[in-house]
Amino acid sequence: MAARKVTDGVMSVGILNPIMRIFDVVMRTDYGTTYNSYVVRGREKTALIETCHLTYWEQYWKNIQEACDPATIDYIILNHCEPDHSGVLAKLAQHCPNAQIICSQAGSIYLKNITNLSDFKPRVVRDGDSIDLGGKTLRFIMAPFLHWPDSMFTWCEEDKVLFSCDFLGCHYCEPHDFDTNIVYPTKYEDAFLGYYTAIFGPFPSYVQNGLAKIKGLDIEYLCNSHGPILTKGCRLESAMALYDQWSQPHHNAVKTVPVFYCSAYGNTGLAAKEIKRGILEIIPDAKVDVYDINEHAMGDLQAQLNRSDAFAVGSPTINADAVAPVWELLSHVDAITNKKKPALAFGSYGWSGEAVPNLIARMNGLKLAVCGEGLKFQFVPSESDLERAREAGRELARML
Ligand SMILES: Cc1cc2nc3c(=O)[nH]c(=O)nc-3n(C[C@H](O)[C@H](O)[C@H](O)COP(=O)(O)O)c2cc1C
């Protein structure tokens, strides 16, 4: 796809990737993606904002050449350095020897190690710094953890264009640039939510900060780095309202403590029920649902776990370890938002009993607040094992 006009002097030179189905390992992308990049031309100077994935160098280079003479590019602005936006940077720097690379302080460290250019000397900008292109001013707004530590926005006052990096973007690919032309709105909305959840979900307070920083700007075009450009009067306002809604602090109406387990012969399952009883003895109105992991969709369990106030997870020891579904569930713990959350490991074993200590090691790695030494018992739980399970539940509840 060739260069397209956004405003007088702002051209979109990005790339369509309709076939991508997995992004950054962690995210399914059913609707492909785009790598958005923009050329901004003032009377005297020209800036290129964001670059693209290395795979698309040839098309990207053609698009740039359609928008401007690359020899006239004075600045290459990296709003953040994730490789889908910085992959071609080393190559581009060689093709545009007159261009100065602009990034945040953190970005300068990351880009040095991403490009491995021996003479890498970027211009580091701070919050509120600006550059004058001649009739177009680009002001930099630091936006850390949206979604990398180096992230920033670039604001073009005269054209009322905010280059927002990944903020308010999504993995969605249609052969149009603007939200006014979206052909499949339901799919777009699905992609928008999925992107927020995977990319910005771990950083709700930073999302609030980012929204506060751009609230006073009279944005006409929000030129993000993936998916359709958002425009005033179309989807821009609702997109910002959704981010605001999704990033509000979450409080459960009552303490919510799910108990997850797997059990081949029912022994670990018996303990799960007693742990529930112990929790309710301490917090009678708590919401304590017991889930046999194999009986539920992993996506639902993941949501329950990440929204809980504390949780317990149990596994029998099978072949010297915890079982795969339990590991899978723990792989979905959001390590950022669940830090210090109380968590209990439990399980039945026959002779060696590695499951519980292995689960505890993982919980410690996730920086959860691990409850005691966990609960292990041999084969079928005895009356005293069941009482120990209730006590483990009580201990977990006391941590809240
Ligand atoms: C295939 C298989 C392998 C097992 N491997 C181990 C093991 O390596 N170490 C151990 O302590 N127990 C082992 N056990 C014993 C179980 O941990 C024990 O039967 C336990 O009570 C099962 O709990 P559950 O009913 O909750 O599944 C194994 C059991 C099975 C069926």
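The values are calculated or read from the model by the stated rules, or taken from the named source; none is laboratory data. Given the structure is predicted, the values throughout are model-derived calculations rather than measurements. So basically every Cβ, Gly included, is an ideal-geometry build from the backbone, and we count neighbours across all protein chains shown. For the accessible areas, the whole protein counts, side chains as well, though only heavy atoms, and no ligand, DNA or RNA atoms are used. Shrake-Rupley method; radii C 1.70, N 1.55, O 1.52, S 1.80 Å.
Residues of the stretch 301-321 that are within 10 Å of the ligand (Cβ to nearest atom) and open to solvent by less than 60 Å² (accessible area, probe 1.4 Å): G314, S315, P316, T317, A320, D321. Taken together, A320, A297, A271 contain a single residue that is under 20 Å from L396 (Cα atoms) and aliphatic (A, V, I, L, M), which is A271. Quick check on the stretch 140-150. Is at least one of its residues touching a residue at least 24 places away in the same chain (Cβ under 8 Å) and either farther than 17 Å from G210 by Cα or among the hydroxyl-bearing types (S, T, Y) (or both)? No - not one qualifying residue is present in the stretch 140-150.
Is it fair to say V356 is away from the ligand (no atom under 16 Å from the Cβ) and either of a type in the set (A, V, I, L, M, F, W, C) or in contact with a helix residue (DSSP H, G or I) (Cβ under 7 Å, 6 or more places away or on another chain) (or both)? So V356 fails the test.
Among all residues of the stretch 44-55, there is none that is in a helix (DSSP H, G or I), in contact (Cβ under 8 Å) with a residue 40 or more places away in the chain and of a type outside the set (K, R).
Taking the criterion of being among the aromatic types (F, W, Y) and surrounded by fewer than 18 Cβ atoms within 10 Å (Cβ to Cβ), the residues of the stretch 57-102 that qualify are W57, W61. Scanning the stretch 291-300 for residues that are open to solvent by 50 Å² or more (accessible area, probe 1.4 Å) and within 16 Å of the ligand (Cβ to nearest atom) returns N294, E295. Within the stretch 15-36, being part of a loop (DSSP other than H, G, I, E, B), in contact (Cβ under 8 Å) with a residue 60 or more places away in the chain and at negative phi holds for P18, M20, V26, T29, D30, Y31, N36.
Only residues that are open to solvent by less than 10 Å² (accessible area, probe 1.4 Å) and outside any strand (DSSP E or B) were counted in the stretch 1-14, giving 2. Here the stretch 370-393 is the region considered, the condition is being away from the ligand (no atom under 15 Å from the Cβ) and open to solvent by less than 30 Å² (accessible area, probe 1.4 Å), and the residue that is farthest from L305 (Cα to Cα) is A392. Given the conditions (1) of a type outside the set (K, R); (2) open to solvent by 10 Å² or more (accessible area, probe 1.4 Å); (3) more than 12 Å from the ligand (Cβ to nearest atom), report the number of the one that M363 does not fulfil. That leaves (2) as the condition not met. Those residues that are touching a Cys at 6+ places or on another chain (Cβ under 6 Å) and open to solvent by 20 Å² or more (accessible area, probe 1.4 Å), I need them from the stretch 103-113; list them, please. Selection gives Y110 alone. Here K340 passes the criteria (1) more than 13 Å from the ligand (Cβ to nearest atom); (2) open to solvent by less than 50 Å² (accessible area, probe 1.4 Å) except the one numbered (2). On inspection, D285 passes the criterion of being away from the ligand (no atom under 16 Å from the Cβ), in the same structural domain as L329 (by TED's automatic domain parsing) and open to solvent by 30 Å² or more (accessible area, probe 1.4 Å). Residues of the stretch 251-272 that are within 13 Å of the ligand (Cβ to nearest atom) and surrounded by fewer than 16 Cβ atoms within 10 Å (Cβ to Cβ): A264, Y265, G266. Identification of strands (runs of 3 or more DSSP E) wholly contained in the stretch 116-218 with 1 or more residues that are surrounded by fewer than 17 Cβ atoms within 10 Å (Cβ to Cβ) yields 130-132, 137-142.
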